[in-house]
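Take a look at the structure set out below.
The values are calculated or read from the model by the stated rules, or taken from the named source; none is laboratory data. What you see is a predicted model, and the numbers here were worked out from it, not measured in a lab. Quick reminder, even Gly has a Cβ in these numbers, built from the backbone with ideal geometry, and neighbours come from all protein chains shown. The area values use the complete protein model at the heavy-atom level, side chains included, leaving out ligands, DNA and RNA. Shrake-Rupley method; radii C 1.70, N 1.55, O 1.52, S 1.80 Å.
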Amino acid sequence: MASAAEQLASNLNFSTFAKAEDLKKRLWFTLAALLVYRLGTHIPLPGLNPEAYAQAFRGQAGGILGLFNMFSGGAVQRMAIFALGIMPYISASIIVQLMTSVVPALENLKKEGEQGRKIINQYTRYGTVILGALQAYGIAAGLESGQGLVVDPGWFFRLSTVLTLLGGTMFLMWLGEQITSRGIGNGISLIIFAGIAAGLPTALAGTLELGRTGALSTPVILLVILVAIGVIGVIVFVERAQRRLLIQYPKRQVGNRMFQGDTSHLPLKLNTSGVIPAIFASSLLLLPATVAGFASTTAMPAWATSIVAALGHGQPLYMVLYAALIAFFAFFYTAIVFNPKDTADNLKKHGGFIPGIRPGERTAEYIDYVLTRITVIGAIYLVFVCILPEILVSQTGIPLSLGGTSLLIVVSVTLDTVAQIQGHLIAQQYEGLIKKSKLRGGKRGR
């Protein structure tokens with residue numbers, strides 16, 4: 001039998017959306033916030049020579065700068081005030097999550113509910129400031145090391161660059177939190193989504209231009225489009241797939257009445273780690289090429305040159321390491337974000353149990369066993385989604401924005417946003433049903 005939420009979802013239609021005034025306000029606020037973000041990606045950093053920087057960026061577009069430029073919506077290419085993007089916040093969040101698994105004090109905070117979550121979020125903000133300042137100073141020093149990139153090098157330029165880039169990151173962090181609380185939710189994810197989505201039309205136009213000039217044949221372009229559609233279909237299917245564990249609750253007696261035990265499900269996503277493995281693997285593999293590009297003016301050892309060449313796009317070593325790192329981070333990050341022991345303890349505390357499995361340690365072992373098996377499927381899925389477009393990118397020269405990582409982020413965030421909108425509509429309709437029932441009860445009372 002369908003649940004009440006499923007019945008409400010099936011009754012949603014355009015008239016329900018038209019009556020959802022609160023949802024429309026949230027949508028308009030989200031669009032306005034994303035527009036502010038897009039405007040900020042076009043405000044250049046002061047003190048730079050735009051022509052010299054544009055020429056230097058073209059030489060590094062294939063390295064990690066190209067990846068960060070994709071996530072920042074072109075802000076790195078223009079060296080705008082939002083060039084750091086939201087990546088320092090994501091890195092700080094991951095570091096804090098790691099620390100909660102190894103530091104007992106943070107682990108206790110995680111179990112304290114809303115108050116503990118606020119303190120952990122505050123630590124994440126502090127970490128964002130530290131990481132953002134270090135990365136901003138590294139960018140300032142790197143710009144000064146280039147020939148003619150900075151108009152007036154010196155400590156004033158470094159300080160102004162650090163303050164500007166760090167301020168941009170902190171503003172984006174605040175903007176993401178505002179979208180989460182006053183918009184439709186998933187603020188940080190929507191900012192990354194907006195940056196990648198803004199580059200998709202340019203990437204598509206660049207691919208079509210390659211076809212017009214003859215660099216790509218029409219069958220190859222059609223193959224790229226078909227692969228992109230197929231990858232999107234696979235992402236939609238797997239991201240919505242779940243392994244549901246049946247949870248039963250025992251019968252309970254209230255007074256002289258005996259109530260039947262309830263049943264529910266513990267949903268386990270096939271891809272618990274999300275897009276983090278793909279981002280981490282790409283960043284680590286593109287780092288040697290970026291360092292080599294900055295060190296091109298000095299003589300590099302022969303072994304270093306060989307390693308950099310072997311780690312180039314489309315090379316066998318690059319593909320093997322890319323797949324291995326994605327699989328590793330899929331298991332590693334899943335182990336961080338989901339703790340079977342805590343889940344088993346919560347079930348035992350509330351009287352729930354998995355049929356045929358003893359509560360407590362045996363339940364934790366069973367959940368860990370199931371989670372490990374579905375994570376294998378999730379890791380294979382991530383490798384397939386990221387490697388197949390990567391082969392096309394390296395062999396055809398299509399823009400990086402059409403790669404597997406970008407498609408994975410865009411489709412995943414779109415699915416989450418649609419779910420958030422549907423949740424608001426269900427809440428709106430549920431509140432309407434409650435008001436109607438109260439009015440009917442009042443009329444009957446009269």
Take the alpha-carbon centre of segment 152-176, take the same for segment 199-217, and report the distance between them in whole Å. 35
If r is the Cβ-Cβ distance from LYS348 to LEU27 and R0 is 35 Å, what FRET efficiency results, to the nearest 0.05? 0.25
Calculated FRET efficiency, ARG182 and GLU112, Cβ-Cβ r, R0 22 Å, to nearest 0.05? 0.30
Under a 1.4 angstrom probe, counting protein chains only, how are THR405, THR180 ranked by accessible area, largest first? THR180, THR405
In whole Hz, what ³J(HN,Hα) sequence does segment 346-355 give by Karplus (6.51, -1.76, 1.60; θ = phi - 60°), x for Gly and Pro? 5, 4, 5, 5, 9, x, x, 8, 8, x
